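Presented below is the structure to which this report refers.
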Amino acid sequence: MTHDSGLRLLIVEDDHKLRALATNLLLGEGHAVLGVDTLEEARQALERGDSFDLVISDVVLPDGWAGVLSLSVPRDRLLFTSGYDLADLVAAGESIDPERFLPKPYTPKQLIAKVRSVLARFEGRM
């Protein structure tokens, strides 16, 4: 499966401008993208039975910490983003694989590269 195959992505980001930018960027890569701004909306999408190849989520959201998504989504299908330092998040109790973490701010190239990297690792191509 390559990035041209129209993967389904869920973006959970409370910053409306950043969510729109990431959504448009990944739509331009040929993916189907659903963007939501709360964990509750993400849970609703997952409970509806929507399936996603990858969930990209800010770690700290107004309605909680995104680590709870690992109860519904395999951890290897999660990509976390944050403006907080990874070491601080881990010290606060979050279990985040550095390979599945993208610090903010990130460039469009960094987002695309990280999405490809996480998906490739899941598919056993790296």
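The values are calculated or read from the model by the stated rules, or taken from the named source; none is laboratory data. None of the values given here were measured: they were computed from a predicted structure. Note: ideal-geometry Cβ built from the backbone for every residue, glycine included; neighbour counts use all protein chains shown. Accessible surface is based on the protein model in full, side chains and every heavy atom, while ligands, DNA and RNA are left aside. Shrake-Rupley method; radii C 1.70, N 1.55, O 1.52, S 1.80 Å.
Structural remarks
- Residues of region 116-126 satisfying the condition of being of a type in the set (A, V, I, L, M), open to solvent by less than 70 Å² (accessible area, probe 1.4 Å) and either touching a Ser or Thr at 6+ places or on another chain (Cβ under 9 Å) or under 21 Å from LEU71 (Cα atoms) (or both): VAL118, LEU119
- Here THR81 clears all of (1) in a strand (DSSP E or B); (2) free of Cβ contacts under 8 Å to residues at least 24 places away in the same chain except the condition numbered (2).
- Those residues of region 70-107 which are more than 13 Å from the chain's Cα centre (by Cα) and open to solvent by less than 30 Å² (accessible area, probe 1.4 Å), in sequence order: LEU89
- Region 29-54: number of residues that are in contact with a helix residue (DSSP H, G or I) (Cβ under 9 Å, 6 or more places away or on another chain), open to solvent by 20 Å² or more (accessible area, probe 1.4 Å), of a type outside the set (D, E, K, R) and in a helix (DSSP H, G or I): 1
- Residues in region 5-19 that are touching a strand residue (DSSP E or B) at 6+ places or on another chain (Cβ under 7 Å) and open to solvent by 50 Å² or more (accessible area, probe 1.4 Å) were compared, and the one that is farthest from PHE101 (Cα to Cα) is ARG8.
- Tabulated pairs, region 60-76, first in a loop (DSSP other than H, G, I, E, B), second open to solvent by less than 50 Å² (accessible area, probe 1.4 Å), C-beta under 8 angstrom, 6+ apart or interchain: PRO62/THR38; ASP63/THR38; ASP63/LEU39; SER72/LEU46; VAL73/LEU46; VAL73/PHE52; VAL73/VAL55
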